[in-house]
Amino acid sequence: MRRLTLLMLLMMCLVHGCGGGGDNVAENDSPEQPEKIEANAAPAPSQEEAEPLTPSTETPVADAPSTGTIFDRVPADTAAIISIRPSKAMNNPMFPAILELITDSNPQVNSEEALADFEKSVGVAPEQVEQILICFDGEILTAAGAMGMMFLQMGMGPGMGQLDPAFPAEEFAVAANGQVDLDRATSDELTPVAFQPGIGPPQTPPPPVILVQLVPDVDIQNILDSVPEGEPIDLQTGKGVKTADGVVLPLSDSQLIFGPQIDLETVPTDAGTGPISAALTRMQKQDIGIALDMQTVTKVIGELQGDQPNPMIGMAMTFLQQVKTASIASDLEDSQLLQAKIDAINADSAQGLQSMLNSYLAMGKQQFEKSKSQLPEHDEFRTLVSALVDQAAISTEGTLITVNVPRPEGFENLPNAIQQVAEMERKKAEEIYVPRNNMKQIGLAFHNYHDVYKSLPAADSNGVAEKLQGKGLSWRVHLLPFLEQAPLYEQFHLDEPWDSEHNKTLIQEMPAAFGTNPDGKTSIHAFTGGRTLFQEGEPGLGLRDITDGTSNTILAVKAGDDTAEIWTKPGGLEYNEEEPFAPLGDIGDQFLALFCDGSITDIPKSLDPAEFRRLIDPRDGEPVNFR
């Protein structure tokens, strides 16, 4: 369920807390947001039984207007904010197609069940949430940035592998069991004890302040009752529920706020004075938006760099220092599908930034034109993606730079187009990876067979060299016990040829490693005859007999479909010295080959026939290092 939508993750934060607790707040007016944020708006009244909410100005709640929105509650020290309108997004006609796309991309997710489980655990349905605001101050950004810098120093993200050799592992304490090898430890096994001189160890970021506005006529008590292990608490600002990480506090019949208890002793009412207030006003009605106070962001980055600044970050800082605020927002129904707005420190900086961004946009469009042919071969998908790129434009008015991506005609069909493209890509991946995986399994089976019998299986036998040579069963049958198909192998009558009445009944049981042909035919073959590994009527060779080297000798191939043969039938592709590629049939430009060392590779049909002959012959004294 956590993978279903970002909305679900955020709503779970309300109930369970951010990083353990939860938070959310909602507006108590209609779904339509006001066009402007009123500075210093007084708080809305709490529930009837709650104590009066007392704002920082000590103005009694009873005197406050009842039409305030959660945007009026954004703390003035907010440095970054995420805004989401779940009900609007879920009521969009595109939403069912988006849900179907999510389900198809992850079969383990049942969208309908996930939404039902969400409502059961949170107390309200996602479509009953009008708006969510998640507010981060500079302290949170600093803590999060410190964690990010720590993992950059490691040269990896959490749990992503080995530590960078240059990382000072001695500055980290081994985890509880004390048995971790520092030379091979991953980040999940280490606890930081030192970070960087003057900064100290990164701490877990404190939870953000989260505001939630419910749609009209939704009982806010349902959310309060669903808080796990919540304890009632009385604050100066009202009665709420305490969690492990903070307090969930009703602000009205339809608004909630979550945050650390100390932050809620006085409910914020000074949103209009904050540095990102203008950005908030612009994105109130958007489906989703993010706004940043870039002055705080650049300050945090500068502090985290310490005395040894990163050159790349230094280049970025030159750009960031010219920006006061930045925001990006999207609305599926608006004529402008995506809008990014950058408020520069002055008009000259705005003109310079626009010139730079126009250059980047032009380069991006040129690169897209060059790579457009690599897009999936789906006309509608290509048309929509091309329109999104082609119509993107940048404009400037005063200090405000706007990047617009208009909503292309037919955009509502994009989820279905993506779904069809995903199915096309899935089939293409199957065509590439499934045969390769099958060949790897077959190569491993050959080697396990050799470990037991000290030779490769014969091209045609009943598994015993003295009997039925040339009349028995294919080498594929004798690999069955090593392909986890021992029960099938035991059903064969080994003292009978492949086409005996009994053995023919097993043709339809062909393992997937050899293909999925319903008639039990496979195009995975070994070469036979001449100086090849497999000789009809003779026992199989041992790997020690391959004097040219196992990495230089072909063991089996995935030939053209027109060469498909009953999988139990002995034999193989008859070697043609004059035209060595001829037995492979219709292979297109290349074919897949399994080498005697178990490796696989694609061999182009353009390969010199002389080299190909040497790859087939295991003992010609002319090894070819093809790879």
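Tabulated results
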read-out: Number of the condition not met by Leu353 [criteria: (1) in a helix (DSSP H, G or I); (2) out of contact with any strand residue (DSSP E or B) (no Cβ under 7 Å at 6 or more places or on another chain)]; value: (2)
read-out: Search result, residues across the stretch 492-519 that are over 17 Å from Lys569 (Cβ atoms) and free of Cβ contacts under 8 Å to residues at least 24 places away in the same chain; value: Thr516
read-out: Residues located in the stretch 285-296, provided they are assigned to a helix (DSSP H, G or I) and either on the phi > 0 side of the Ramachandran plot or surrounded by fewer than 21 Cβ atoms within 10 Å (Cβ to Cβ) (or both); value: Gln295
read-out: Given (1) open to solvent by 60 Å² or more (accessible area, probe 1.4 Å); (2) outside any helix (DSSP H, G or I), index of the condition Asp348 fails; value: (2)
read-out: Unmet criterion (only one of (1) within 38 Å of the chain's Cα centre (by Cα); (2) over 30 Å from Gln590 (Cβ atoms)) for Glu501; value: (1)
read-out: All strands (runs of 3 or more DSSP E) inside the stretch 528-627 with 3 or more residues being aliphatic (A, V, I, L, M); value: 554-558, 590-595
read-out: Evaluation of Val267 against (1) surrounded by 19 or more Cβ atoms within 10 Å (Cβ to Cβ); (2) modelled with pLDDT of 75 or more; (3) not polar (S, T, N, Q) (one fails), failing number; value: (2)
read-out: Criterion: of a type outside the set (D, E, K, R) and touching a Gly at 6+ places or on another chain (Cβ under 8 Å) - qualifying residue of Gln351, Gln339, Gln322, Gln295; value: Gln322
read-out: Qualifying residue in the stretch 370-385 (condition: open to solvent by 60 Å² or more (accessible area, probe 1.4 Å) and touching a Ser or Thr at 6+ places or on another chain (Cβ under 9 Å)); value: no
read-out: Residue, farthest from Pro580 (Cα to Cα), within the stretch 600-620, restricted to residues that are touching a residue at least 60 places away in the same chain (Cβ under 8 Å) and open to solvent by less than 60 Å² (accessible area, probe 1.4 Å); value: Ile600
read-out: Residue in the stretch 405-422 that is within 25 Å of Asp519 (Cβ to Cβ), of a type in the set (Lys, Arg) and surrounded by 17 or more Cβ atoms within 10 Å (Cβ to Cβ) present; value: no
read-out: Cβ-Cβ under 7 Å pairs, at least 6 apart or on other chains, the stretch 444-472 side among the hydroxyl-bearing types (Ser, Thr, Tyr), far side open to solvent by 60 Å² or more (accessible area, probe 1.4 Å) and modelled with pLDDT under 90; value: Ser455/Pro539
read-out: Set Asp234, Asp225: member being open to solvent by 30 Å² or more (accessible area, probe 1.4 Å), modelled with pLDDT of 75 or more, farther than 22 Å from Gln128 by Cα and outside any loop (DSSP other than H, G, I, E, B); value: Asp234
read-out: Some residue of the stretch 425-446 being over 29 Å from Ile600 (Cα atoms), in contact with a strand residue (DSSP E or B) (Cβ under 9 Å, 6 or more places away or on another chain) and open to solvent by less than 40 Å² (accessible area, probe 1.4 Å); value: no
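Quick grid of which residues meet (1) among the small types (Gly, Ala, Ser); (2) assigned to a helix (DSSP H, G or I); (3) farther than 27 Å from Val215 by Cα; (4) modelled with pLDDT of 85 or more:
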| position | (1), (2), (3), (4) |
| --- | --- |
| Leu99 | no, yes, no, no |
| Glu112 | no, yes, no, no |
| Glu119 | no, yes, no, no |
| Gln131 | no, no, no, yes |
| Cys135 | no, no, no, yes |
| Glu139 | no, yes, yes, no |
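The values are calculated or read from the model by the stated rules, or taken from the named source; none is laboratory data. Everything numeric here is computed off the predicted structure, so don't read it as measured data. Here the Cβ is made from the backbone with ideal geometry for all residues, glycine too, and neighbour counts use every protein chain on show. Side chains included, ligands, DNA and RNA excluded: accessible areas come from the protein's heavy atoms. Shrake-Rupley method; radii C 1.70, N 1.55, O 1.52, S 1.80 Å.
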